[in-house]
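*Asks:* Below: one structure in structure tokens.
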Amino acid sequence: MADLTNVKKHMEVVGADGVHVGTVDKVEGDRIKLTKQDSGQGSHQGHHHYLPGGLVAAVEGDKVRLSATGANALLFEEEKDRSSGAKVGTNPDHTRSAFQDRAQPTNSGPDWSTIGLGLAAAGVAAGAAFLARSKAKAHDEFELRLQTDENVRLISSAKVQGTPVVGRNGEHLGKIENFMVDKYTGRVAYAVMSFGGTMGFGEALFPLPWSYLNYDVDKDGYILNITKEQLANAPKFKPSEAPEFDTRYRQNVARFYGRASI
């Protein structure tokens, strides 16, 4: 973990793969508070997110580099503020809203508060429409790519199962047994690797974050940037004792491979 005192406001936070994660708002205790501009969409929009300081691998110039990739860093994000938890309008002494605290309009001129609210609502509606169009366009472009280069981008799961996994030093680590697929997005989250060797733990299954696997045509297999010795300490389970892939378990998996692959 790097010294958080070197983390300054407006620094860009990037994953171990260089992917943009957020922008520093400030450091609060052992966490980095990100600006709202990187707050996501939907119910997450307009909220500050926090990253644990333990993810920081280094501070390089005006960038904060994490030990996890950009995709896996999202697993560690928190929205909850550890302070008193009070939100705008929850203080009993504040019985008037921000608009009510302003001077009330008179009959001698236009109601600027009402006009301002109307313009704000129109702006929100326009922004929502723009995001919807952008999302639809991205989806259409993705579908078009699938139609035009399907033989390059797509592969049957039957062909992937049994594909060898090769370590950093070229040694055989195991083979792909199956996938863990996100039920909502349909994307592969983990490739489950089987290992039947003699490293002291017998036959075991290893959940590998998909983003850490790179296919090598020459080796006709997936490259995982760790050694066989490091694999001995990786999260694993027996075929008959599959774990619950809850938040804590997923974070442990991401944390291990984020550190091991550096």
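*Asks:* Give Lys175/Lys219; Lys63/Lys228; Lys26/Lys63; Lys175/Lys238; Lys183/Lys228; Lys9/Lys63 a once-over and call out the pairs whose C-alpha atoms are over 20 Å from each other.
*Replies:* Lys63/Lys228; Lys183/Lys228
*Asks:* On the protein heavy atoms, probe 1.4 angstrom, tell me the percent of accessible surface of region 199-262 carried by carbon and sulfur. Don't skip to the answer; put the middle values down first.
*Replies:* Values: 1640 of 3650 Å².
On region 199-262, the fraction of accessible area on carbon and sulfur atoms equals 45 percent.
The values are calculated or read from the model by the stated rules, or taken from the named source; none is laboratory data. Because the structure is predicted, anything quoted here is derived from the model rather than measured. All accessible areas refer to the heavy atoms of the entire protein, side chains included, with ligands and DNA or RNA removed. Shrake-Rupley method; radii C 1.70, N 1.55, O 1.52, S 1.80 Å.
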